[in-house]
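Peer 1: Supplied in structure tokens, the structure appears directly below.
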Amino acid sequence: MDISNAIIAKSDQMNAIDLAQDVTVTILDVIEGPKDQPVHIITDKYGPSRPFKPSVTVLRDVAQAWGLDSGVWVGRRLTLFNDPTVVWAGQEVGGIRVRAMSHIDKAFEAKHALSRTKSKKVMIQPLADPVQDVVRDWPTEIDATTTTAALTALYQQIRQIPGAYTDELKTAFTDRGAALKVTAAPEQTEGDAV
């Protein structure tokens with residue numbers, strides 16, 4: 001069982017503490033926020049209810065690679081991670097940083113301010129294009145399942161692929177689930193009371 005959703009903080013934004021491991025997100029939109037957090041990045045993983053509100057450091061990294069026009073960022077991908085060394089108000093509290101970006105040819109060096117007089121250099125890596133899923137015959141795979149556990153596992157696989165879960169597949173899952181329940185029910189014999 002994947003417990004990712006169970007450890008997400010109750011919040012109106014994506015938080016560093018939510019990143020138990022690196023996460024790669026696709027940018028769906030960039031909208032203006034209030035003065036204290038002026039940029040809200042809507043991603044495929046967290047949606048509009050939990051936008052990524054990047055720090056100035058992250059914004060500088062992204063602008064260095066992709067430019068200042070946030071409209072260009074839509075459709076591009078970032079790999080984000082929780083950097084536990086990020087300091088806020090003099091305390092190491094952790095924060096979201098960029099590990100890799102799509103649409104760059106090679107790694108680049110970014111400068112992160114640690115204080116007014118100190119900075120550190122970090123390398124941001126190019127993010128390879130996602131491996132395209134081999135075309136699969138989902139309806140045939142759905143019909144071939146023999147248990148509800150196998151059907152559920154297949155459903156979870158399909159839901160991980162953007163755009164793969166169509167109305168046709170929804171119907172196929174519903175029909176197969178109903179068939180599996182009927183098959184699993186004990187058959188009545190003549191003379192059994194109804």
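The values are calculated or read from the model by the stated rules, or taken from the named source; none is laboratory data. The structure displayed is predicted, hence computed values, not measured ones. Note: ideal-geometry Cβ built from the backbone for every residue, glycine included; neighbour counts use all protein chains shown.
Peer 1: Among the residues of segment 86-116, write down those that are at pLDDT below 85 and either of a type outside the set (D, E, K, R) or loosely packed, with under 11 Cβ neighbours inside 10 Å (or both).
Peer 2: Within segment 86-116, Val86, Val87, Trp88, Ala89, Gly90, Gln91, Val93, Gly94, Ala113, Leu114, Ser115, Arg116 meet the criteria.
Peer 1: Of the residues in segment 60-92, how many are farther than 13 Å from Ile41 by Cα and in contact (Cβ under 8 Å) with a residue 60 or more places away in the chain?
Peer 2: Total meeting the criteria: 5.
Peer 1: Restricting to segment 47-85, and then to whatever is hydroxyl-bearing (Ser, Thr, Tyr) and over 17 Å from Arg99 (Cβ atoms), can you tell me which residue is surrounded by the most Cβ atoms within 10 Å (Cβ to Cβ)?
Peer 2: Filtering first and then ranking leaves Ser70.
Peer 1: Further, regarding this structure: For the structure I just gave you, tell me whether Asp105 is assigned by TED's automatic domain parsing to the domain that holds Leu180 and of a type outside the set (A, V, I, L, M).
Peer 2: Spelling it out, it is not the case that Asp105 is assigned by TED's automatic domain parsing to the domain that holds Leu180 and of a type outside the set (A, V, I, L, M).
Peer 1: Looking at (1) in a loop (DSSP other than H, G, I, E, B); (2) more than 23 Å from Asp22 (Cβ to Cβ), can you tell me which one Asp105 breaks?
Peer 2: (2)
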